[in-house]
1. Please go through the range 215-246 and give me each residue that is at pLDDT 85 or above and within 26 Å of the chain's Cα centre (by Cα), ordered by number.
2. Could we say that F423 is assigned by TED's automatic domain parsing to the domain that holds T497, part of a helix (DSSP H, G or I), out of contact with any Cys (no Cβ under 8 Å at 6 or more places or on another chain) and within 17 Å of M488 (Cα to Cα) here?
3. Taking the range 192-214 as the region of interest, how many residues are modelled with pLDDT under 75 and either polar (S, T, N, Q) or not in a loop (DSSP other than H, G, I, E, B) (or both)?
4. Would you check which residues across the range 105-132 are among the charged types (D, E, K, R) and touching a helix residue (DSSP H, G or I) at 6+ places or on another chain (Cβ under 6 Å) and list them?
5. Residues of the range 28-51 being within 16 Å of Y96 (Cα to Cα) and in contact with a helix residue (DSSP H, G or I) (Cβ under 8 Å, 6 or more places away or on another chain), which ones?
6. Restricting attention to the range 286-303, does a residue exist that is under 18 Å from L197 (Cα atoms), of a type in the set (V, I, T), assigned to a strand (DSSP E or B) and at pLDDT 90 or above?
7. Can you spot a residue in the range 271-287 that is out of contact with any Leu (no Cβ under 7 Å at 6 or more places or on another chain), more than 15 Å from G355 (Cα to Cα) and buried (at least 17 other Cβ atoms within 10 Å of the Cβ)?
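The values are calculated or read from the model by the stated rules, or taken from the named source; none is laboratory data. Just so we're clear, the structure is a prediction, and the values are computed from it rather than from any experiment. Cβ sites come from the backbone with ideal geometry, for glycine too, and all protein chains shown count toward neighbours.
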Amino acid sequence: MNSLAQYVSKGGFFRAVVEDGSDLIFIVDYQGKILYHNNSVKGTLGYKAKSLVGKNFFDYILPETRLSLIATFNRIKRKLFQEGIEFQFLCKDGSYKYLEFNSINLKPREKMEGFILDCRDITQRKKDSEELQRAQKAKEKFLANISHEIRTPINGIAGMAALLTQNPSDAEQSLYLSAILSASENLKVIINDILDLSSIESGKLKFEKIAFNLSEMFSSLKSTFDHQAREKRITLHCDLQPEANLLVVGDPVRLNQILINLISNALKFTHRGSIVVKCRVEKQEKKTIYLRFDVVDTGIGIPQDKLTTIFESFSQADASVTRKYGGTGLGLTIVKQLVELQGGHISVSSVVDQGSTFSFTLPYVVSSLKSSGSHAYVAKGITGKSLGGMRVLLVEDNDINRLYATTILKNWGCIASVAENGFVAVERVKDEYFDAVLMDVQMPVMDGFEATKAIRSLEDSTKSSVPILALTANATHRDYEKCLAEGMDDCITKPFTPDDLFKALSRYKPAAQMQAPMSAQERKGQPLRKSQIDLSYLETISNNNTGFITEIIDTFISTIPEHLYQINAHLSNNENRELARVVHKIKSSLSLLGLQDAKNMAIQIETYCKDASQTSNLNNTVRLFIDSLQFEVSHLKEIKRQSTAG
């Protein structure tokens, strides 16, 4: 053994190689006595130079693994080289760090009973491995939960549909259909939860900044849940404190989603008593107001040991909860993420058998508008319930989906035609005239994107500019943007309700034949020119929030004149590319205000800008376009002036 100590102390080539290396180098004898370690030990483990020399290597090994490592030492005495031995070593600060060594046995060649241990810090690798294992388990748990949750309503739908084929009575038919509708809604909720969580975790979720009224939102929430509450004989009350009853700027859709999740959760677990939704001002800093919301129920409550995990994915208070009440276990996870991503905080307090209180605080900017109804010039949109005579081409490869959609369309008086793939759709558009095309995205032969490109490239501008509405099961924000980028005008998410389809098609109802503006002499004796503005789409997406609609109209009035000036200048200078760019920029705002004639002209202008032979058509269409929008801006200004004067 002395010969090994002398070998180390000589220092020569061996020490020169390892002294300043990045790896941790130990030389130990077969019994574990440390004869040497390099300076890297200090940086990784915290021990000063030579401070471990003379100590026993095994004394620093995690106690519960010490005997195993000693056995490994005894085993590798018979080998010249061994690699990949993992162990945990005690650091100077009292923690243990994961290391891995490759060993060189000195006895076969040097005739010395000891090892050179070349060690590397693998702490991060172990953490990554553990995280990967956790992710894998989470994935398995996710798939198991979702598989169960999706199969349950699908089995219900399939079972009820089978019963409907057995000549049931009228009462039984009604019962079976009700069960199918309920299961379908449950399935839609599950899929929406998955998509929301996916958008949140991928960082793709975007938050709007628009003005909305809390009083209107609370009123809508109460109407939404009143029926369910009455069925369970539960009192539902909304308490909005006066100082919180104001217009704020933020994302009303996401706030509504948070409250709907929490109220639904409270209804699910409350069988007697009440549910109260409260809102008050917690604090105010200049123009930023912090609103506190509380959803208080008298339900079954949550055990104290579950309160810390209640917001985790798939974590419900008890395994039996999922079986008894259903749900993905994602609702509260989504709520927490939505609150925190908006700069807020959420907490929960609960007593078993007495109830729970979910509380969250969100910051909002106070709107400069005085109240949601302060501007009387917000006109009412057209809200007709018929699409009589509208010619619609449905492009769908699934037989059941075709039957479902065409039945709905015919009930509204539409003239519905079908195509089973994109190739057939392009041929139909070439041969016939349609007011709108409902285009499935994923189809055999030719998919929806390819078909859209083919239609947009048709020489007949009337047919190439037909409104195309995507029908897609891919419902993320990125998918929606892709549909618009590929030339589609709108996107309807599957599974869609009749109301979803009606709202979308209503935005593309056939517009009146466009005519050139008349001179003052020509207008004598003619009916007064009417505005084409239709605010039904804005009313729908804002839940009739007149404050939000007012801001959109004010922005339209203030920005459109400058855009029209730029369009006229680009036309005069033959700058077609820049002209198309400005027109494209304002096209979406035309849809918001229901100006379908103007939007159709915008589409034509973009098409003409790409074709040098269409100069005459381009000039005429731009003239009509500018005149049309100038009239609408003047019309809105006049209504605003009259409203202010009144």
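1. F218 - this is the single residue of the range 215-246 that is at pLDDT 85 or above and within 26 Å of the chain's Cα centre (by Cα).
2. yes
3. 11
4. E113, D121
5. Y47
6. Checked against the condition, which is being under 18 Å from L197 (Cα atoms), of a type in the set (V, I, T), assigned to a strand (DSSP E or B) and at pLDDT 90 or above, the range 286-303 yields no hits at all.
7. Yes, the conditions are met somewhere in the range 271-287.
Matching residues to (1) of a type in the set (A, V, I, L, M); (2) within 30 Å of E312 (Cβ to Cβ):
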position: V53; (1), (2): yes, no
position: S68; (1), (2): no, no
position: K92; (1), (2): no, no
position: F101; (1), (2): no, no
position: I104; (1), (2): yes, no
position: R109; (1), (2): no, no
position: D118; (1), (2): no, no
position: D128; (1), (2): no, yes
